[in-house]
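For reference, the structure is listed below as structure tokens.
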Amino acid sequence: MKINLLGQTLPQLQELCAGEGFPRFTAKQLCDWLYKKRVDSIDAMTNLSLTQRARLNEIAFIGREHPVRCQVSKDGTKKYLFPVLDGHFIEAVFIPEEDRATLCVSCQVGCKMGCRFCVTGQQGFHGNLSAGDILNQLFSIPEFEQLTNVVFMGMGEPMDNLDAVLAATQVLTADWGLGWSPKRITVSTVGIIPGLKRFLDESQCHLAVSLHNPVPQERLAMMPVQKAFPLNQVLALLREYDWSGQRRLSFEYTMFRGENDDPIHAQKLVELLKGLDCRVNLIRFHESPEAPFKTSMPTTIKSFQDYLNRHGIICTLRASRGQDIDAACGLLAGKE
Ligand code: SF4
């Protein structure tokens, strides 16, 4: 099977070059073409010899796939649909704001986690994306040059496909890659402890934990992952790390009417996060026929936010974006 050069790290390319008898510096040249010049064909790598290019064409390719569809929201958000793995599709969402432009990328086709409020989760799991498939979502959109941030909050659970996620973030941050600061990247998780531990040890990117309910039994009813990896164990692990420096820890909390938006939930959330250097992002739930939940009233959300802020937790309300094109959180389905 041919190797996708997109997504290969410098050490992986050095190994490939050694195996082919190419000089060691060829790996660095490949990185320049792939990540600095972002060419989409091996033939465009003009400082490689014709023999090297011919051999690379035999054993490898550059997995650049253009999106097959782009839906544009009235607020400027764009949702891109990419073809991947035998007939499946994934989505990435471009979110322009005044002072930044963020791409929300997918890391799996579907998801195994089965969160009850999430359209992706209801579709089941169809496979992992490679690092190349993840990076292609950035590289193959016309807005690439505008991007200031990337969030791994699209389809899939990053800690369940961690090798590919770490390789992609390495390409984004390494000096042989794009050279971005890890502060421009946020990786989300529902809290898969083994993956999370490895991520915390090996990456400097920001972390966002999907919390959604501080009451264990209630969280379990929304998020099956609570059974294998209870929130208190996730928090115990997070407390072992220092969050006072550059790396930021945030908790995502989607507001569901009558489910997790009572003052008692706010109180329990404050108790749970006490002493942890973090912030909470409240998210307005976007109702969909496929999820049995309703969105909280704006006044309820405001009181919840005020309670957290009054009790020392920085709490923001994330603006709703791309709702009219089903690009909002939990609505990505990869439907053609
Ligand atoms: Fe998977 Fe995230 Fe959806 Fe949960 S919310 S099912 S982890 S994609």
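Taken about its Cα centre, region 165-285 carries a charge dipole of roughly 100 debye when the Cβ of each Lys and Arg holds +1 and the Cβ of each Asp and Glu holds -1. When the accessible area of the chain is split by element with a 1.4 Å probe, what percent falls to carbon and sulfur? The C+S portion of the solvent-accessible surface of the chain is 51 percent. The aspartates and glutamates whose alpha-carbon is closer than 14 Å to the alpha-carbon of Lys197, local same-chain residues fewer than 8 away aside, are Asp160, Asp163, Glu240, Asp242. Taking the longest Cα principal axis of the chain as reference, the axis of helix 50-59 is set at about 50 degrees.
Bridgeable aspartates and glutamates around Lys28 (alpha carbons under 12 Å apart, same-chain partners fewer than 8 residues away excluded): Glu15, Asp175. Using the structure shown, select from Lys74/Lys112; Lys78/Lys183; Lys74/Lys294 the pairs with a Cα to Cα distance greater than 29 angstrom. Cα-Cα > 29 Å for Lys74/Lys112; rest within. In the chain, the DSSP-assigned H stretches of four residues or longer account for a calculated mean residue ellipticity at 222 nm of -9000 deg cm²/dmol, using -39500 (n - 2.57) per stretch and the full residue count as denominator.
Both numbers refer to the Cα atoms of region 69-325; Rg and Dmax are 17.6, 51 Å.
Can you give me the angle between helix 162-173 and the longest principal axis of the chain, using Cα atoms only, in degrees from 0 to 90, rounded to the nearest 10? The answer is roughly 70 degrees.
Ignoring ligands, DNA and RNA, what accessible area per residue does region 1-154 give at 1.4 Å, in Å²? Each step should come with its number before you reach the end.
Numbers: 6930 Å² over 154 residues.
Here the per-residue accessible area is 45 Å².
May I ask for the angle, rounded to the nearest 10°, between helix 193-202 and the longest principal axis of the chain, with both axes built from Cα atoms and the value confined to 0 to 90°? Rounded to the nearest ten degrees, it is 60. A protection proxy built from the mean count of other Cβ atoms within 10 Å ranks the segments 15-25, 223-233, most packed first, as 223-233, 15-25.
The values are calculated or read from the model by the stated rules, or taken from the named source; none is laboratory data. Please read these numbers as outputs of a predicted model, since none were measured by experiment. Virtual Cβ from ideal backbone geometry, glycine too; neighbours counted across all protein chains shown. Quick note on the areas: whole protein, heavy atoms, side chains included, nothing else; ligands and nucleic acids left out. Shrake-Rupley method; radii C 1.70, N 1.55, O 1.52, S 1.80 Å.
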